[in-house]
Amino acid sequence: MPEPQERHYNINKLNLLFAVASITLLGCLVWMFQNDFDREWKGYQARFRDLEIEKTRVAYDLETHRVEAQADYQTLESDLKTAQINFQAQCSKFDDVKKEISAKETEHQILDQRYRVTKAELDAAKFDYEDAIGKGKSDVSKVQKHYELLQGQIGELKKFLDANQEILTAKQGIVDDCASQLKALERKEHEFSRQSDVLLRKLKKIDPNEMDFTNQIGGLVRDLPVIDFANPKYKIEQVVLKDITEDVNYMQVPRVDRCTTCHLGIANPEYKDASQPFTTHPNLELFLAKDSAHPLEEFGCTVCHGGRGRGTDFVSAVHTPSSEEQKKEWEAKYHWHEIHHWEQPMLAKPFVQAGCFKCHSDASTIKGAEKLNLGLKLIEKSGCYACHLIDKYKDWPKPGPDLTHLAAKTTKQWAYHWIEDPKSFRHNTWMPSFFNQSNTSDEHSKIRGEQEIHAIVQYLFSQSEPFALDKIPQVGNPPNPLGNPEKGKEIVSSVGCFACHQIEPQPSDTKRDRQSLLREQGPNLIGLGSKTSVEWVYQWLKDPNRYHPETKMPNLRLSDQEAADAAAFLVQDNNLSFNKNPVPPVDEKIVDEITKGFLSKIMTQSQVSAKLAQMPLEEKLSFSGQKLIAQYGCYSCHNIKGFENYKPIGTELTEEGSKAADRLDFGFIDIEHSKQEWFAQKLKDPRIFDHSKIKAPDEKLRMPNFQFKDEEIEAIVTAILGFVKDKPASTILPQQTPEHRYVMEGEAIIRQFNCQGCHIIEGEGGAIRPEVAKWLQDYQGRSETEANAMVASFSPPNLAGEGKKVQAQWLFGFLHQPTTIRPWLKTRMPTYHFNANHLNALVKYFSALDKEEFPFADQVEPQASGEEYEEGKKLFSQDYFSCGSCHIIGEKMPSGTPEKWAPDFALAFKRLKPEWIKQWIKNPQALSPGTKMPTFFDPESFDAAGPEDVLNGDENLQIKALRDYILTLSNNQSAPKPAPAPASAAPQPPATSQ
Amino acid sequence: MKKFNTSTCSLIISVILLGVPAYAATIKGVVSYEGEVPNLKPIDMGADAICLSKHGSAVMPQILVLDENKKMANVLVQIVSGLPKQEYPVPTEPVVLTQEGCQYHPHVVGVQVGQTVKVLNPDGTLHNVHALCKVNAEFNLAMPKFRTEMTKVFDKVETMFPIKCDVHPWMAGWVAVLAHPYFNVSQTNGAFEIANVPAGTYELEAWHEKLGTQKASVTVTADETKEVNFTFSRP
């Protein structure tokens, strides 16, 4: 028995321990490998591979069937078969010939070889011979003999060779002819099956069932753990974007988007119906495709969608659920949870358009992002930018009316009720509600609120500056003020008021969109008679800028009579019950409390008491009113005396979309802690986060309630989420050319002044058209069908192509001081209070939009020779185109009613671009579909359209001659003088005065 | 072009061959007006001396044309439903629309899809033919004095769109482009007649430019003549 070793440990135990430890470590290693190897995305890639195989197989089968079903292919196949049989039958006998050919070819080669050797020998012999003659050697004759012998041999050989070649060519020809038909057919078949061949090749690459054995083995091995570093089938796909960086702790690193690792079908239209994550992007025309505006390789995914591009599993990519149900589903399915440290989580589906704004912030409308566009428009209409600074709107005017002369417009009583609850007067006014909100609806707040309104009204009226209203002219005996409401209604319906205003309640289910909002540019005029006096309306219509210098309301140049009629009509609509509502009395006790509150912020308690004691009630009200206006920020939207230099009261929103959710105060409201939820709640009930908080009256939240509908809130939240700070590098932004800038600047002005209320610009707008159709029915006796058919030619013009059409200088003048161009239109271009910046920007806008040169394209002086002038005049005459039937020529009006009249030729020289006139005469319908101007040169038979007896029937010459003649009709000294023409025919340009 | 012609021809031939059976029923009737006759103002043609010279007496607008028995002209009656779905041969004869005395004659006209419309201008003044259609391509072609005739073809079904002359604003005509030949416009005595109708049950619609539409149901057997009358009144 061996002696047990003397040790402090038991070797067996230790062995066991080591064994367990090694096995555990090995297990861990395997586990580590396994864990590293088994990635979520591989499962998706495997599933996608199956889908791809299935799709390719289906496509292959379909393609094969399609090809086989074609009659041409079937004919080809049978032809091919016949050709093959023919080939077998006829060309097989050439097998012998082929053998012969190959034998002959061998023979030919040997002969050729021998020929070359003999040729070399001959050359040598020739030298020897020449050498012998030259040196007079004795063996000349021997050398000569040898040379001649060789010469004979080479002649023989050459003959053999040529003959052989001929035989070969002839025999080969027979064989080739026989196979040529078959070859052509085979080529044709290949054309047919090219597509299916491609699919088959693809299938062989991806489908194990189609692969050859080695590839099958390779496919298995390349994805094995550890070996898979080389060239695995399943691998992470990524797009690296150098120009779009990510802010990683004070460092800008290129963005890396690995989304396509799982979203494998995203840019492939074939996966339209596949399930997530393989579905095709819903708009490949605009995104991802190589020829789209945003190719995948340049833009990636997260620049628009947000989220963590480097993430390669569902949770770490920071997906955001679109709804509570989806959130629950994801939690169960993917163990989804919020990743708090990632500041830009993916935009939830309802808000996805927010991503467009960071690059397109200068555009007024972003094509394809309708929700975002609506959100921006609502922000403009509601005037959010007045309290909350938003960089995009930093130069925009205040959205509310000027209150400097308030006392001239309305009464204290009306103002009290209006401030208390604006929507009870006009249900769809843009003025929001400040009082009786969720944090001020307790009894004490209500009573206090009443006195606050008294204070505000007192301040506004005490500060109101005097404003003399013009008297409405008096007529008749005894004298009565002018004004016939019936006529006024017709004026209001026809001159264009309805491009911006409405005078009827909106049904409560009205869905506001960008088009309908055009007609909410100005207030809905319901109840106007209860708000103000007929004199004020008259004065306002005559000169809006006198009352409110910055108003967007233009001057319609109404005559005294017209203005008086319109005013008489407008004040007919009133809301008597609103004015009859009793105003609660002023309660000095509560006024004292309010005043005391404000005073104690600037003085000691005893000073406050002393001050309060010596203040009369009116002063207390006025003092508190001023403080309250500052507190609620009324001055942000309205001009109010005493607040000229105050700053807006709200949080700046320029980068609000980048704010982390934990910087928002959710108070005690149990909602999901995300930005979009907070914004939505805030818009739904702006005071909600005060819920169950104890606050002094002046500490309470004060944002007013706009009573937005749910879909409007979603649109506004989309816009706010788009207001982010991480602007991409200029290299990927829309090209910042001067033209681009001009277009953007012009669009902003067009937006501010609501040009699209009347005009169609860039294919949008013309909001007044339904009202013009109504006018045609109500006042012109047209039936509905007729009115709708005619509406285009009785509405303000579509401005498509305006830059090509009119001269920049003329446009500048016209926008400054419009004159009548289309006498048949009842709607009139109003006079806007544009400043020089506006005018320049608009002129540049129209030029840039039509890619016209700016400022002035070369003005071509049309030169009419004597003959051309005479022919132009002839075409113009009654016997030909009879242009004077409709067009005004200076002071010479056409016959009939203005309904049929057309623009004055005297304007043409200064107004129109000569090249455009030619285009217009050629095909007016193409430039302005629906125009009253008929087409004289039918484009369907242009060459036969003009009269044969003018300018040899050459239509293009006729158009030019007519254009040149028309230009001579302008009352302009620089108008081209026609070359010598008979004195009697000399044009008599009519004296025009516009 | 040649291909188009051959295919059209073969289509027409096949339709003729297939469509022979029992085409003999006739639907006819009279359109009357009930109620007070509105006092229409005569048209002021002073805007164009040529127009004025074409008329000896005052010209009444064509929006409501009644005879002494208050029978209405210019009402288009057509079968709107019940017809088998098939292609009908397009008449080779063109429909003629004349601008005479600065008015359209006829005032209401029905054509078949693909049928030629010949527009004439014997007035010797500038007219323009402005077809305010929405489904077919809108056109506005001038017919100056030297162009007395032109032709147009409408290639889509579109009922009742106006044709206007922008030079003479009072001028208005109405056109219906239909897929089948079963329509008729009432004469000055109010009578209309739709012939060669296959046996079946149909819905008829009578249309007037100001007084709207009326519908009636009718069943005809082969070789039968059924009478359907319409009465319009002001709403």
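Listed values, structure above:
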read-out: Positive-end residue of B:Pro162, A:Tyr965, B:Leu141, charge dipole of the protein assembly as shown with Cβ unit charges; value: A:Tyr965
read-out: List of segment B:128-143 residues, accessible area with partners at least 30 Å² below that of the chain alone (1.4 Å probe); value: B:Leu132, B:Lys134, B:Glu138, B:Asn140, B:Leu141, B:Ala142
read-out: Shape category assigned to segment B:91-174 from the gyration tensor of Cα positions, a/c cut at 1.5; value: prolate
read-out: Normalised contact order of chain A, rounded percent, pairs of Cα under 8 Å and 6 or more residues apart; value: 9 percent
read-out: Full-extension gain in nm, A:Lys205 to A:Lys709, via 0.36 nm per residue minus C-alpha separation; value: 175.9 nm
read-out: Residues with amide H under 5 Å from that of B:Val108, placed H, sequence gap 5 or more; value: B:Trp174
read-out: Shape category assigned to segment A:239-344 from the gyration tensor of Cα positions, a/c cut at 1.5; value: oblate
read-out: Simple Cβ-charge dipole of the protein assembly as shown, Lys/Arg +1 and Asp/Glu -1, about Cα centre, in debye nearest 20; value: 1800 debye
read-out: Positive minus negative residues near A:Gly946 (Lys, Arg vs Asp, Glu; Cβ under 13 Å); value: -3
read-out: Between helix A:71-86 and chain A: long-axis angle, C-alpha atoms, 0 to 90°, nearest 10; value: 10 degrees
read-out: 11 Å beta-carbon shell around A:Leu122, net charge (K/R +1, D/E -1); value: -1
read-out: Extension gain (nm, one decimal) between A:Asp698 and A:Ser275, 0.36 nm per residue minus Cα-Cα; value: 146.9 nm
read-out: R0 of 51 Å, Cβ-Cβ distance A:Phe33-A:Asp362: FRET efficiency to nearest 0.05; value: 0.45
read-out: Amide N of segment A:374-418 lying under 15 Å from the label point, which is placed 7 angstrom from the Cα of A:Arg663 along Cα→Cβ; value: A:389
read-out: Label-point separation in nm, A:Leu957 to A:Glu940, each point 7 Å along Cα→Cβ; value: 2.8 nm
read-out: Exposure of A:Glu655 as accessible area (Å², to 10), given a probe of 1.4 Å and all protein chains; value: 100 Å²
read-out: Calculated FRET value between A:Ile447 and A:His335, using beta carbons and R₀ = 51 Å, to 0.05; value: 0.40
read-out: Per-residue HN-Hα couplings for segment A:915-928 [Karplus 6.51, -1.76, 1.60; θ = phi - 60°; Hz; x = Gly/Pro]; value: 5, 5, 4, 4, 4, 5, 4, 5, 7, x, 5, 5, 7, 9
read-out: Using a Förster distance of 60 Å, the FRET efficiency for A:Lys137-A:Leu161 (Cβ separation, nearest 0.05); value: 0.95
read-out: Buried accessible area, chains A and B (both chains, 1.4 Å probe, Å² to nearest 100); value: 2300 Å²
read-out: Carbon and sulfur %, accessible surface of segment A:1-51 computed with the full protein complex present, 1.4 Å; value: 64 percent
read-out: Accessible-area value, A:Arg116, 1.4 Å probe, nucleic acids and ligands omitted, Å²; value: 150 Å²
read-out: Three-way shape call for chain A based on the alpha-carbon gyration tensor, with the a/c threshold at 1.5; value: oblate
read-out: Dipole-positive endmost among A:Gln153, A:Gln181, A:Ala103 within segment A:70-192 (Cβ charges, Cα centre); value: A:Gln153
read-out: Distance between segment B:86-131 and segment A:661-730 - C-alpha centres, whole angstrom; value: 65 Å
read-out: Note, ³J(HN,Hα) from phi for segment A:47-63, Karplus 6.51, -1.76, 1.60, rounded to Hz, x at Gly and Pro; value: 5, 5, 4, 4, 4, 5, 4, 4, 5, 5, 5, 4, 4, 5, 4, 4, 4
read-out: Only Lys, Arg (+1) and Asp, Glu (-1) charged, at Cβ; segment B:77-235 dipole about Cα centre in debye; value: 420 debye
read-out: Under Karplus coefficients 6.51, -1.76 and 1.60, residue-wise ³J(HN,Hα) of segment A:288-304 in Hz, glycine/proline x; value: 6, 4, 4, 9, 7, 6, 10, x, 3, 5, 9, 10, x, 10, 6, 4, 8
read-out: Other-chain or far-sequence residues with amide H under 5 Å of B:Ser32's (modelled H); value: B:Met72, B:Phe230, B:Thr231, B:Phe232
read-out: Label point distance in nm, A:Asp513-A:Val20, each placed 7 Å from Cα along Cα→Cβ; value: 7.4 nm
read-out: Which of A:Leu203, A:Leu825 is most accessible, then next, and so on - probe 1.4 Å; value: A:Leu825, A:Leu203
read-out: Degrees, to the nearest 10: A:866-876 long Cα axis against longest axis of chain A; value: 60 degrees
read-out: Estimated distance in nm for a label pair at A:Glu6 and B:Ala24, the labels positioned 7 Å out from Cα along Cα-to-Cβ; value: 13.9 nm
read-out: For A:Ile889, residues with placed amide H under 5 Å, excluding near neighbours; value: A:Phe905
read-out: Dipole of chain A [Lys/Arg +1, Asp/Glu -1 at C-beta], most positive-end residue of A:Asn574, A:Gln707, A:Phe598; value: A:Phe598
read-out: Around A:Thr440: net Lys/Arg minus Asp/Glu count, Cβ-Cβ under 10 Å; value: +2
read-out: DSSP-defined antiparallel bridges as percent of all bridges, the protein assembly as shown, nearest 5; value: 75 percent
read-out: Dipole magnitude of segment B:49-101, debye to nearest 20 (Cβ charges: Lys/Arg +1, Asp/Glu -1, about Cα centre); value: 140 debye
read-out: Accessible area (Å², per residue) of the protein assembly as shown, counting only protein heavy atoms and a probe of 1.4 Å; value: 53 Å²
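The values are calculated or read from the model by the stated rules, or taken from the named source; none is laboratory data. Note that the structure is predicted; figures quoted are calculated from it, not measured. Cβ sites come from the backbone with ideal geometry, for glycine too, and all protein chains shown count toward neighbours. To get the accessible areas, we keep the full protein, side chains included, count just its heavy atoms, and leave off ligands, DNA and RNA. Shrake-Rupley method; radii C 1.70, N 1.55, O 1.52, S 1.80 Å.
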